[in-house]
Amino acid sequence: MTPRRAQLRVWDLPTRSFHWSLAVVFTAAMVTAGSDRWLDLHIFAGYALVALLVFRLLWGFVGGHYARFRSFTFGPRVVAAYLRALRNDRPPHYVGHNPAGAWAIFLMLALLTAIGLSGIAVQGAEEQQGLIAGWASIGTGVGLHELHEVLAWTMVGLVAVHVGGVAVESWLHRENLVGAMVHGRKARRGGVPSTAPYRLLGVTLPLLLIAAAALYFRPAYTQDNEHPYRPFTGPTLPQDASWQDECSACHLAFPPSLLPVRSWQRLFAEQGNHFGEDLALAAATVAHLRQFAAANSAEQGADEAAWRVGHSLAPDAAPLRITDTPYWRAKHREIPAAVWRQPNVRSRASCAACHRDAQAGTFNDAAMAIPPAP
């Protein structure tokens, strides 16, 4: 152990708080990625990541000595020379970030910025929600989602390189760099200055994140039967009184956006045998319902569910059941059979048993609560 008098403070508390908070937030975002049921947590982690990045960019100009960007800005020649020395196991020692590590830091900050901004763009387009809801089409959002995932996994690879670099430098210089990022100190070598601690700001940063999480998820732990937790509200779908009256007489008035127009044409053409029932609708009523269905069918892509249903079907496919669409099957294939047999479910058409927004017809990713299998 190096005596305390021979140590100096390199990493101020805000820098360390940022580092470990970012690690937690990014890990949470990756763990919840691709899970519709945890989309609310994923999005919170994304916004927290952006907030942390804003702080770090500001702190890079006004923060402690070794946290400022100017203290670890190196040109290509310096980086190349450091890498050559590293290859020979004789790299020079740097109190703060070494040249290779500094470039990795800048690259990670840039990549994380792209990840955060692309995530906000995906939420606004694919989900039609968030800060810039509706800024682009759902199809654009789907494409951006793929880019968002590529950026995220690239970041995972860069983190692995970063961790490897930390391990190598710790071994070469016989100092615990992970420990330094915990307590902030390194062995003093030469007349280099210590940085100020900034303890109050360092403690405030994680506390703000915790407070933001408590406020964001408050509806989840205060929900009841009358006020279920619905983290997102999707676009309002068109409503029609005749559609509601005729359909809800027997089942949930499924929005026409969940089937293509050719399916609705079949259903109305075969109304005399509607799954074993004769609807006996008047010609004027049928004409009105046809018109409403055609104007709001899956082809119109009013929300994400509609867009995905439409794009999951072959051009000539005209299923009569929503549960026969490839998108519905893919989304529900992992639900245990025991769930469907529960008294409060009983049927694959009982959407409201799991989807809190079934009546609205939006079927948002996070607005669901699948009953546990007995």
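Throughout, read-outs are computed from the coordinates displayed, never taken from laboratory work. Computed from a predicted structure; not experimentally measured. Please note: Cβ atoms are built from the backbone with ideal geometry, for glycine as well, and neighbour counts cover all protein chains shown.
So here's what we get for this one:
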| item | result |
| --- | --- |
| Sorted by Cβ neighbour density within 10 Å, fewest at the top, the residues S137, S347 | S347, S137 |
| Theoretical gain in end-to-end length, I210 to V78 [0.36 nm per residue, Cα-Cα removed] | 43.5 nm |
| Axial C-alpha extent at least 27 Å, average Kyte-Doolittle at least -0.5 - helices from the chain (DSSP) | 13-32, 39-62, 99-125, 138-173 |
| Residue exposure sequence - R70, R199, R9 - by fewest surrounding Cβ within 10 Å | R70, R199, R9 |
| Full-stretch length increase - V163, H251 - with 0.36 nm per residue and alpha-carbon distance subtracted | 26.1 nm |
| Label-point separation, A85 to S312 (7 Å along Cα→Cβ), nm | 5.8 |
| Estimated 222 nm signal from helices in the chain, with DSSP H stretches of n ≥ 4 weighted -39500 (n - 2.57), rounded to 500 | -17000 deg cm²/dmol |
| Ascending count of other beta-carbon atoms within 10 Å, so fewest first, for Y216, Y66 | Y216, Y66 |
| Spin-label model distance (nm) - V156 vs Q342, 7 Å beyond Cα toward Cβ | 3.0 |
| Label-point gap, in nm, between A282 and Y221 - each point 7 angstrom along Cα→Cβ | 5.6 |
| Max mean-square fluctuation residue, GNM over the chain, Cα-Cα springs under 10 Å, options R230, R68, R218 | R218 |
| Efficiency of FRET between L237 and V178 - r from beta-carbon atoms, R0 56 angstrom, step 0.05 | 0.60 |
| Value of Rg to Rh for the chain (Rh from inverse mean 1/r over Cα pairs, i.e. Kirkwood) | 1.13 |
| Residues whose placed amide H lies under 5 Å from that of Q7, excluding near-sequence neighbours | R188 |
